[in-house]
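The values are calculated or read from the model by the stated rules, or taken from the named source; none is laboratory data. In this text the structure is predicted, and so the values were computed from the model without any measurement. Quick reminder, even Gly has a Cβ in these numbers, built from the backbone with ideal geometry, and neighbours come from all protein chains shown.
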Amino acid sequence: MASATCPAGSTARAGWGLFCQLYELRSARNHGIGDFRDLAEMARIAGRAGADFLGVNPLHALFWGDPSKRSPFSPSTRSFLNPVYIALDDLPGHDAADIDGAALRAGDLVDYDAVFPAKLAALRAAHARQPFDDDEDAFERFVEKGGQPLHRHALFEALSLDMAGKGHGVGWGGWPEDLRDVESKAVADFATSQAEDIRFHLWLQWQAARQLDAAMACAKKAGMRIGLYLDLAVGEAPDGSASWGGGEVQMTGLSVGAPPDVFASEGQNWGLSAFSPGGLRKHDFAPFRDMIAAQLAHAGALRIDHAMALWQLFLIPEGESASAGAHLRYPFAELLRVLAHESREKEAVVIGEDLGFVPPGFREAMQAANILSYSILYFEKDGARFKTPQEYRPTALACLSTHDLPVLERWWAGEDIELRRELGLVNDADSDAHARERARERRALLDAMRRSGALRGRLPRRREMPREVLVAAHRYLARTRAALVGVRLADMVGPKSPTNMPGTVDSYPNWRPRAPLDLDDIATHPDFRAVTAMMRRERPRDPG
């Protein structure tokens, strides 16, 4: 099945890399949110530490006019970038007086309500002052190559901000009827009257793409074999750019979610729209193909969130609870062929996040297609026993946890269990049982690490998790058969607070915690030095 096989060459040699949330990066020059210049610097730091890749959260476009819609996994569209990550001081027309960076940098949480309008205003000022140096022709080529999809997204961005300012909301579902139809006369009239504003949004996408490409170039120059590792969300907002005019390609009246599990006993409704299987077939899978190509244009690896979406999705009728949901099958073979073709074109590694309910045969199909699966230490168990390094799948990326799970220090203390209890996600009886199980898991993990030789000697007797456990857990993963191993920056230098609490919206500050230290201090942090030095010894970079 060669036509449906992703490239294997990039994963034949064992490697490792770092993960971070781009928005959490702190620097003395950014504007309250990590940006693409921070990403380039983080790539240099990771490369010098011996990493083969640097993974980040989804960089998809969100909604300028509603900062509360901050989840990178609930984008307006997955085909274009989030311009809030543009580094202002890398723009020819930027003036530092346009924005109060010090005030925006001050907090421990990203203040999206302040950052979004402040950066948008500064970007408008830079564009008005001097949008180009000697590169206007490059911009025009970018716009021409982007074609109708790029123009339509820029039109949506301009209209969304206009509608939000008039009280209709950023999503097209709340707009006047004639503006919900992308082909209407009202939309055409808006496009004519606001041509300069639409050009500004085209310029934003150009600048975002250029800066992201520059970060990828820094990653490769720093010695990374893979470079940037981007993340693809499982769906999009039902009233965002992707679905505006999406017609038969996007399903309506159904949202993506998850059935009940240990993290949310009532199930989860993610409020995302999904592709229509029939609509994809009718358009020869072009929307899926374009979306994948948009990611791989800037990266050497792509993680597909909830990769089972290639096979099936759990869909919930509008207005119903997750218990009313059911799985819908997707044209897996056709989607796999498109994904394989695009990844071969770019020689890119593909990782499928296969956590939760995995249908029989799915992982075997992924393996046959050279798509790496996701092995999370917390879950790699056989009954009460943690699997040995030799039992890990070779065709996998192994790591301690993900953005939906606690860093090791907080997992060790059971703080995630207590937080789910406090937020009402899990009842008291189940929480008590989970706490007892966590104590057993701690002992089992220590036993597994000692048996494997990843942990030696006596541990200091104290309540907090010793640093030796952090290093040993990563050594344990480094010695697995997994093709790649990922290390979360937060595990080493913070933030220690959860990135995201599944099942919550406003009751927890999801996607807001910032790193407690500046980028300039990461390389000398003792935990960063200890873990990365060990990873270099266990998985040395192959000069070939």
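Taking the criterion of being surrounded by fewer than 18 Cβ atoms within 10 Å (Cβ to Cβ) and in a loop (DSSP other than H, G, I, E, B), the residues of the range 405-428 that qualify are L423, G424, N427. Flag: R456 does not match the condition of being surrounded by fewer than 19 Cβ atoms within 10 Å (Cβ to Cβ) and touching a Phe, Trp or Tyr at 6+ places or on another chain (Cβ under 8 Å).
Does S323 count as among the hydroxyl-bearing types (S, T, Y), touching a residue at least 12 places away in the same chain (Cβ under 8 Å) and farther than 30 Å from S431 by Cβ? Judged against the criteria, S323 is not a match.
Checking each residue in the range 489-544 for being among the hydroxyl-bearing types (S, T, Y), surrounded by 15 or more Cβ atoms within 10 Å (Cβ to Cβ) and over 21 Å from L109 (Cβ atoms) picks out only T532.
Condition first: surrounded by 18 or more Cβ atoms within 10 Å (Cβ to Cβ), at positive phi and in contact with a helix residue (DSSP H, G or I) (Cβ under 7 Å, 6 or more places away or on another chain). Can you find one or more residues in the range 395-403 that meet it? Within the range 395-403, none of the residues are surrounded by 18 or more Cβ atoms within 10 Å (Cβ to Cβ), at positive phi and in contact with a helix residue (DSSP H, G or I) (Cβ under 7 Å, 6 or more places away or on another chain).
Applying the criterion of being under 30 Å from R421 (Cβ atoms) and touching a strand residue (DSSP E or B) at 6+ places or on another chain (Cβ under 8 Å) to the residues of the range 262-287, the residue that is modelled with the highest pLDDT is L272. Quick check on S184: is it among the hydroxyl-bearing types (S, T, Y) and out of contact with any Gly (no Cβ under 8 Å at 6 or more places or on another chain)? The answer is yes for S184.
Taking G65, is it crowded, with 18+ Cβ neighbours inside 10 Å, at pLDDT 95 or above, within 18 Å of the chain's Cα centre (by Cα) and under 27 Å from S160 (Cβ atoms)? Against the criterion (crowded, with 18+ Cβ neighbours inside 10 Å, at pLDDT 95 or above, within 18 Å of the chain's Cα centre (by Cα) and under 27 Å from S160 (Cβ atoms)), G65 does not qualify. Within the range 97-145, being within 30 Å of S71 (Cα to Cα), more than 26 Å from the chain's Cα centre (by Cα) and of a type in the set (K, R) holds for one residue alone: R124. Under the condition of being part of a helix (DSSP H, G or I) and of a type in the set (D, E), which residue from the range 127-169 is nearest to E183 (Cα to Cα)? Step by step, filter the range 127-169, then rank; the result is E157. Checking every residue in the range 183-198 against the condition of being buried (at least 16 other Cβ atoms within 10 Å of the Cβ), polar (S, T, N, Q) and touching a residue at least 40 places away in the same chain (Cβ under 8 Å) gives zero matches. With respect to the conditions (1) within 30 Å of L313 (Cβ to Cβ); (2) in a helix (DSSP H, G or I); (3) of a type outside the set (F, W, Y); (4) in contact with a Ser or Thr (Cβ under 9 Å, 6 or more places away or on another chain), S431 lacks only one, and its number is (4).
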